[in-house]
Amino acid sequence: SSLADRLVIRELCEIVATRAARLAGAILAALVLKVADRETSQCIKVALNGVLFDINLQLFTKTVDTVKSLLKRRSDAQVEIVFQSRSDDITGAAVNAAKH
């Protein structure tokens with residue numbers, strides 16, 4: 001494979017990863033809005049983990065940016081999103097969110 005072929009593949013992977021991050025962010029924002037309607041507290045904590053976030057931190061950043069931009073337009077709820085690395089898998093995402 002040539003350098004040009006590899007650059008094209010890399011660009012395609014970035015496009016797919018960006019789309020996946022935006023979709024994940026939109027789903028998280030929808031869930032946060034559902035919870036915000038039921039909760040009296042205006043601070044909602046979400047812990048994200050996964051091998052993809054460990055491998056590609058930009059994916060995590062784009063997901064968080066999507067959640068924040070969607071919620072900024074639609075809700076008064078404050079959302080705290082924390083990254084859970086693989087070393088924290090033992091504690092679990094719920095416990096990790098609770099301790100932040």
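The values are calculated or read from the model by the stated rules, or taken from the named source; none is laboratory data. Please read all numbers here as calculations on a predicted model, not as lab measurements. Using ideal geometry, Cβ is built from the backbone for each residue, glycine included, and neighbour counts are taken over all protein chains shown.
Observations on the model:
- Output for region 1-52, where each listed residue is loosely packed, with under 12 Cβ neighbours inside 10 Å, part of a loop (DSSP other than H, G, I, E, B) and not small (Gly, Ala, Ser): Thr40, Gln42
Per-residue answers, yes or no, for (1) at pLDDT below 75; (2) not small (Gly, Ala, Ser):
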| site | (1), (2) |
| --- | --- |
| Ala21 | no, no |
| Ser41 | yes, no |
| Leu59 | no, yes |
| Thr66 | no, yes |
| Val82 | yes, yes |
| Ser87 | yes, no |
| Val95 | yes, yes |
